[in-house]
């Protein structure tokens, strides 16, 4: 009996010390997602209206994101940031009566802004961005704002790069007990 | 082939002379670098920049495989000190004796037991002329079975160095003779094709520089330098042990924390002002993609794995994935001391932010005196290489056709600690970084090849990895579409290598490649679809695989055969 109790205690202890492991997780055979030969849908940025302008309340659009042309395939800048080519197109947008629609990219902190260009008659424009996380905005400017450092007009549509979804794990998930404030959030 | 590979793996585990020693949980130290003294073979978590709490539930976890280190238990001083690489000029018909053995290496102020070819780091630089053929008589004197793969060479299949496919493993004390052919000008490299995660990481790599037959193949330069980029994972106790039965770091690959250029931490070059230097660069790291920046200088990309580019191009950095090579000409125009750096955006997984990270890879001293023969004028001219364009002519009609095969890159995991899986399931890392050496090293370290299946899936047949067995005929031009699934459980950029053949990356995400170059390895970014046009010119049984060493050993490889007279299937 003593032996049995010892054995049971040993097994219980051993079980408690054993790290729980997962069953098989991942992509099952034959469940491939669609393979295309165009811009990856995964990185595409949805552009949503701010509903601030007449003629733009129903506007919607997207920015296709592909790596910029590079002899290395994977395009990186000298500081190691990804370099992307954005192909922006907006639907359901009334033509600008006074001024021009201009596309911009900006960092999440809004501390750096770069003009991509004015939308053409089909409300399309392309340009490159050299940040890993960024926002896309299209504004209504008095003119095409060539050479401008920032926008001055109202934002018509906006969107966020896929990487913009990244956030701290403090305060939730396996780190639920970690106070966000400790990490500056 | 699959049968052979499986049995070979089992046999190697049994033959492995290394016995895993006890696992000392007390050696775990969250701070990494502050480990106490002790047996260096004990598992201990790799030292990293810890700016986050330990993932709950993993405080005392260690990999499920045993630890392995070269020459463990033996006094390092009994091994000969490694020597810097020497150049071996080889003429047609020459023979080289190459030996893999244990050596003593001093890196920084630390002494390690590592491996070397002919006791050198990197291995001897074989220099030969295009079109020549040489013999390499190889002997294995390390404790592990090994082979030598001659990466990028379109040589005879029997000399490709793949265990279980083209040759049996070379056991300790045994020899194997390789016949090398050099049909293409450029920079190539050799390395083991068994447990690269250990053997290559510990120093078994070397270059082959194939010179052109004609003088005007490249622009004139003042100097040529062969650079080999690597990294090594160490802590205060020594090299972090490798997995014995199977690799650790199976998820992201083993990133090192000590950068090595030509095996050294203090690579230096002295040039005169105005010199143009042609660098032949190879990335031999297990997993790290470098973003190489020559500060204070201008760089021009000239060639890659198996040919020159159609057009030379000026670049601000050189992005080089594992196993890739690039030929870059650099003009050092201003006097002073300049750094060669790896500059990336690292990831703080916990905070969900990218941050800049730099590693010093070398230093260039540029003298005040101007170089006597200036090649600035040639440097300022970006050449259009008509010989490359002419070679591409017969392939252009194939660029736009429907792919013959489509591959998806993905993975499955099984038996990983639950905290890791749960953490990955709620991961917010929506854009994978180039640099994975982040604040969650335990997740990567704890994943072994026994728990992770990296998968190459043939979309048309559903077959995976070595169950894929394509057949082609010599002369076939095969279009292979490769899609790196961003929604896989753990997406990563994969450097995809095809043995024995050359290929073009004709398009990426639907955008045609405007400046082609022949490759044998190309990085497939997460979410991207790349179309490879493969010139099936070389008969035999070949492999294609991810060149992240830990991914290869987690199954990410396929086989194909090229036979005389047959058409593709």
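Where a number appears in this text, it was derived from the coordinates with a stated rule and is not lab data. Since this is a predicted model, take the numbers as computed values, not measurements. For neighbour counting, all protein chains shown are included, and Cβ atoms are generated from backbone atoms with ideal geometry for every residue, glycine included.
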Its Cα gyration tensor gives the protein assembly as shown an equivalent ellipsoid whose semi-axes in whole Å, largest first, are 40, 35, 27
Can you give the relative contact order of region A:41-165 as a percent, counting alpha carbon pairs under 8 Å and 6+ residues apart? 28 percent
At a Förster distance of 56 Å, what's the computed FRET efficiency of residue B:106 paired with residue B:373, Cβ-Cβ distance as r, to 0.05? 0.90
Want the number for residue B:177 to residue B:358: 0.36 nm per residue separation, take away the alpha-carbon distance, what's left? 61.0 nm
I'd like the projected area of chain B, averaged over all directions, using the convex hull of its alpha carbons. Report it in nm² with one decimal. 24.6 nm²
For peptide B:501-508, how many partner chain Cβ atoms fall within 10 Å of a residue's Cβ, on average? 1
Stretched fully, the stretch from residue B:387 through residue B:158 gains (0.36 nm per residue minus C-alpha distance, one decimal, in nm) 79.4 nm
Taking a ≥ b ≥ c as the square roots of the Cα gyration tensor eigenvalues, with a/c under 1.5 meaning rounded and otherwise prolate when a/b beats b/c, else oblate, which class fits region B:306-426? oblate
Averaged over B:410-421, number of beta-carbon atoms from partner chains that fall within 10 Å: 5
What whole number of Å gives the distance from the Cα centroid of region A:111-140 to the Cα centroid of region B:486-508? 30 Å
Measuring from label point to label point, each 7 Å out along Cα→Cβ, what is the residue A:98 to residue B:400 span in nm? 4.7 nm
With the 8 Å Cα cutoff and a minimum separation of six or more residues, region B:76-217 has a relative contact order in percent of 27 percent
Given the DSSP H assignment, sum -39500 (n - 2.57) over each helix run of at least 4 residues in chain B and divide by its residue total; what's the result at 222 nm in deg cm²/dmol, nearest 500? -2000 deg cm²/dmol
For a test of the definition: using alpha carbon positions, the gyration tensor, and the 1.5 limit on a/c, classify region B:76-217 as rounded, prolate or oblate. oblate
Plugging the Cβ-Cβ distance of residue A:24 and residue A:176 into 1/(1 + (r/R0)^6) at R0 = 22 Å yields, to the nearest 0.05, a FRET efficiency of 0.25
Provide the percentage of antiparallel DSSP beta bridges, counting only those with both residues in chain B; round to the nearest 5. 70 percent
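So what is the relative contact order of region B:300-342, in percent, for Cα pairs below 8 Å that sit 6 or more residues apart?
That works out to 42 percent.
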Could you order the peptides B:368-378, B:110-120, B:446-456, B:207-217 from most to least packed, using the average number of other C-beta atoms within 10 Å per residue? B:446-456, B:110-120, B:207-217, B:368-378
With just the Cα atoms defining each centre, how far is region B:340-405 from region B:257-302? Give it in Å. 11 Å
Inter-site label distance for residue B:537 and residue B:213 at 7 Å from Cα along Cβ, in nm: 1.3 nm
10 Å Cβ neighbours from other chains, averaged over peptide B:478-489: 3
